[in-house]
1. What is the one condition in (1) assigned to a loop (DSSP other than H, G, I, E, B); (2) at pLDDT below 95 that residue 188 does not satisfy?
2. Taking residue 136 as the residue in question, decide whether it is in a helix (DSSP H, G or I), surrounded by fewer than 20 Cβ atoms within 10 Å (Cβ to Cβ) and at pLDDT 95 or above.
3. Against the conditions (1) closer than 30 Å to residue 102 by Cα; (2) assigned to a helix (DSSP H, G or I); (3) modelled with pLDDT of 95 or more, where does residue 250 fall short? Just the number, please.
4. Would you check if there is a residue in the stretch 257-273 being touching a strand residue (DSSP E or B) at 6+ places or on another chain (Cβ under 8 Å), surrounded by fewer than 21 Cβ atoms within 10 Å (Cβ to Cβ) and either modelled with pLDDT of 95 or more or more than 20 Å from residue 169 (Cβ to Cβ) (or both)?
5. Out of all the residues in the stretch 157-177, is one or more surrounded by fewer than 19 Cβ atoms within 10 Å (Cβ to Cβ) and part of a loop (DSSP other than H, G, I, E, B)?
6. Looking at (1) in contact with a helix residue (DSSP H, G or I) (Cβ under 8 Å, 6 or more places away or on another chain); (2) surrounded by fewer than 20 Cβ atoms within 10 Å (Cβ to Cβ), find the lone condition where residue 206 falls short.
7. Residue 151: assigned to a helix (DSSP H, G or I), touching a helix residue (DSSP H, G or I) at 6+ places or on another chain (Cβ under 8 Å), surrounded by fewer than 19 Cβ atoms within 10 Å (Cβ to Cβ) and free of Cβ contacts under 8 Å to residues at least 40 places away in the same chain, yes or no?
8. Condition first: at pLDDT 95 or above, assigned to a loop (DSSP other than H, G, I, E, B) and in contact with a helix residue (DSSP H, G or I) (Cβ under 8 Å, 6 or more places away or on another chain). Can you find one or more residues in the stretch 53-63 that meet it?
């Protein structure tokens with residue numbers, strides 16, 4: 001997908017690359033945090049989400065960190081197809097739970113007076129509290145999926161790791177079954193704390209961070225990377241070397257990796273679960289049958305690949 005990129009002067013590309021490297025993630029993060037302060041409505045959040053995803057996609061075409069990771073239009077459409085299926089599954093599960101499990105959890109919270117949400121705190125403090133709390137739950141689910149074979153298979157988490165080339169749209173390229181497990185933070189944290197009133201604001205911050213964590217751009221990790229996950233850290237988690245993949249479990253908040261000793265700041269040679277990317281039929285069957293080439297799943301033979309150089 002060239003889209004006239006070759007006609008952009010090299011000097012202009014370099015300026016865009018410099019601005020992207022130093023300013024893109026901090027700027028989008030600040031904008032995401034400003035939305036609740038401005039009292040944004042649902043439409044404003046949706047416009048923001050689609051705008052920054054479009055911006056990331058354009059920048060990946062213009063100044064990719066790894067040019068060989070650029071995908072054809074057909075490949076992008078296939079990934080988007082998987083994203084649509086996974087998103088639809090998530091919507092169906094959520095709709096079912098809204099009328100059953102979430103209602104039951106809310107009644108238990110009210111019955112035992114467990115709603116301890118600090119609604120008198122400043123709005124940004126509330127957003128950050130639920131952000132790190134959600135990511136605490138997600139960290140342990142994610143770590144468990146890489147340690148226990150039954151959870152790796154049941155959740156279909158390997159589907160998300162199977163792609164050899166990562167871009168922003170890979171963020172939501174999950175197995176449909178994993179939508180159930182990705183609801184755990186909302187079920188547990190929402191049940192114990194409450195705080196649903198800042199849910200959209202937290203979702204905006206989370207979306208910015210996880211989409212940037214998968215994007216094929218060169219970004220700075222020096223300061224913002226102390227709390228928020230950057231793509232340098234998350235791409236390392238997508239390494240096809242199992243020892244490297246078993247690090248940096250925080251999808252949006254890298255803090256818990258620093259606390260629990262799973263943080264790694266290193267270059268990544270190759271992504272995926274093996275030397276070849278599974279077919280889409282194999283991706284959907286991963287909860288039932290692991291591809292033969294898989295070297296990242298628990299209980300498989302670790303890949304023996306040098307990973308000390310950056311592509």
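The values are calculated or read from the model by the stated rules, or taken from the named source; none is laboratory data. Keep in mind the model is a prediction, meaning the values are calculated, not measured. Virtual Cβ from ideal backbone geometry, glycine too; neighbours counted across all protein chains shown.
1. (1)
2. yes
3. Going through (1) closer than 30 Å to residue 102 by Cα; (2) assigned to a helix (DSSP H, G or I); (3) modelled with pLDDT of 95 or more one by one, residue 250 breaks only (2).
4. Checking the stretch 257-273: at least one residue is touching a strand residue (DSSP E or B) at 6+ places or on another chain (Cβ under 8 Å), surrounded by fewer than 21 Cβ atoms within 10 Å (Cβ to Cβ) and either modelled with pLDDT of 95 or more or more than 20 Å from residue 169 (Cβ to Cβ) (or both).
5. Yes, because at least one residue in the stretch 157-177 is surrounded by fewer than 19 Cβ atoms within 10 Å (Cβ to Cβ) and part of a loop (DSSP other than H, G, I, E, B).
6. Just one mismatch for residue 206, condition (2).
7. yes
8. yes
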